[in-house]
Amino acid sequence: MPKISVELTESEWSIIKAVWETEPCTAPVIQERLSKSTGWHYSTVRTLMDRMVSKGLLSAKKEGKLTIYSSTITRADAQRGELFYALKHAFNGALTPMVQCLLESNDLKADDLAELEAMIKARKKTARK
């Protein structure tokens, strides 16, 4: 099964993170979780969640008067989409300048670099086969 790539808006990121933490969930539960950080009212959250259902990011199931929401994408799918969005828009799709930018930022610790190096070596071995 191919990995999907999705691009989320900032609002959708707020919603999906709250859904991942509480699913299955309802719009009032999500509104309550986000009210302090966003100031969103129930109608805003419900509208955003319904749009996310239309986009295939959430599923919705009616149970009586309640609508129960669940995510249809994984955290990895969303992260991949965000990464490829940045790669496409900020680096014109070129991976090397993006990695160079990360390396030159001096934000990577020795442990991070060692882990990346090990992943690259492992990937090289599987790519040769």
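General observations
- Å² of accessible area per residue within the range 38-116, as computed with a 1.4 Å probe and no ligands counted: 69 Å²
- Across the range 82-91, rounded Karplus estimates of 3J(HN,Hα) from the backbone phi angles (6.51 cos²θ - 1.76 cosθ + 1.60, θ = phi - 60°) give 5, 4, 5, 4, 4, 4, 5, 8, 8, 10 Hz, Gly and Pro being marked x.
- Links that overshoot a 27 Å alpha carbon limit, given the list Lys17/Lys55; Lys88/Lys121; Lys55/Lys88; Lys17/Lys65; Lys55/Lys109; Lys36/Lys109: Lys55/Lys109; Lys36/Lys109
- Ordered from largest to smallest accessible area (heavy atoms of protein chains, 1.4 Å probe), the residues Asp50, Asp107 come out as Asp107, Asp50.
- Listed values for the range 100-110 are Karplus-derived 3J(HN,Hα) couplings in whole Hz (6.51 cos²θ - 1.76 cosθ + 1.60, θ = phi - 60°), namely 4, 4, 4, 5, 6, 6, 6, 8, 8, 7, 4, and x replaces Gly and Pro.
- For the chain, the fraction of C-alpha pairs more than 27 angstrom apart is 38%.
- The fraction of accessible area contributed by carbon and sulfur in the chain is 56 percent, rounded to a whole number (1.4 Å probe; ligands and nucleic acids excluded).
- Accessible area in the full protein assembly, largest first, 1.4 Å probe, for Ile16, Ile120: Ile120, Ile16
The values are calculated or read from the model by the stated rules, or taken from the named source; none is laboratory data. None of these values were measured; they are calculated from a predicted model. When the accessible area is computed, the model is the full protein with side chains, heavy atoms only, and any ligands, DNA or RNA have been set aside. Shrake-Rupley method; radii C 1.70, N 1.55, O 1.52, S 1.80 Å.
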